[in-house]
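Take a look at the structure below.
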Amino acid sequence: MGMGTQCVQRTSDIGNLIRQRRRETGYTIQQLAELLGCSTRFLSEVERGKEGASIGRVLQIAASLGLEMRMGKKSVR
């Protein structure tokens, strides 16, 4: 099942997408942390949407899982 495009409004949205993709790829949190050279605690905090993580590190995690982030103007409804 593909993830498709998701609207992200909170850090928890990003964390949920990262957790979902990590699970889809079959990595444990420990395996991914070792691959990225970060602690399991840090990765867990990102997945839980804890604010304060470096955007660069979050982008690195996302990219390692084959995710990309795009931004655009919010559509008015």
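The values are calculated or read from the model by the stated rules, or taken from the named source; none is laboratory data. On a predicted model such as this, the values are computed, not experimentally measured, just so you know. Every residue, glycine among them, receives a Cβ derived from its backbone with ideal geometry; neighbour counts consider all protein chains shown.
Does GLU45 qualify as being modelled with pLDDT of 95 or more and acidic (Asp, Glu)? Give the derivation first.
Details: modelled with pLDDT of 95 or more: yes; acidic (Asp, Glu): yes.
Yes, satisfied.
If I ask for residues that are among the acidic types (Asp, Glu) and either in a helix (DSSP H, G or I) or in contact with a Pro (Cβ under 8 Å, 6 or more places away or on another chain) (or both), which ones from region 1-54 would you list?
Result: ASP13, GLU24, GLU34, GLU45, GLU47.
Hey, can you tell me all the residues within region 55-75 that are within 10 Å of the chain's Cα centre (by Cα) and assigned to a helix (DSSP H, G or I)?
Result: ARG57, VAL58, LEU59, GLN60, ILE61, ALA62, ALA63, SER64.
Just the residues that are surrounded by 14 or more Cβ atoms within 10 Å (Cβ to Cβ) and under 10 Å from the mean Cα position of the chain (by Cα), please, taken from region 27-54.
Within region 27-54, LEU43, VAL46, GLU47, GLY49 qualify.
Residue under question is LEU65, and the condition is that it be touching a helix residue (DSSP H, G or I) at 6+ places or on another chain (Cβ under 7 Å), hydrophobic (A, V, I, L, M, F, W, C) and surrounded by 15 or more Cβ atoms within 10 Å (Cβ to Cβ); does it hold?
On the way: touching a helix residue (DSSP H, G or I) at 6+ places or on another chain (Cβ under 7 Å): yes; hydrophobic (A, V, I, L, M, F, W, C): yes; surrounded by 15 or more Cβ atoms within 10 Å (Cβ to Cβ): yes.
It is true that LEU65 is touching a helix residue (DSSP H, G or I) at 6+ places or on another chain (Cβ under 7 Å), hydrophobic (A, V, I, L, M, F, W, C) and surrounded by 15 or more Cβ atoms within 10 Å (Cβ to Cβ).
Any residue at all in region 19-26 that's acidic (Asp, Glu) and either surrounded by 14 or more Cβ atoms within 10 Å (Cβ to Cβ) or in contact with a strand residue (DSSP E or B) (Cβ under 8 Å, 6 or more places away or on another chain) (or both)?
no
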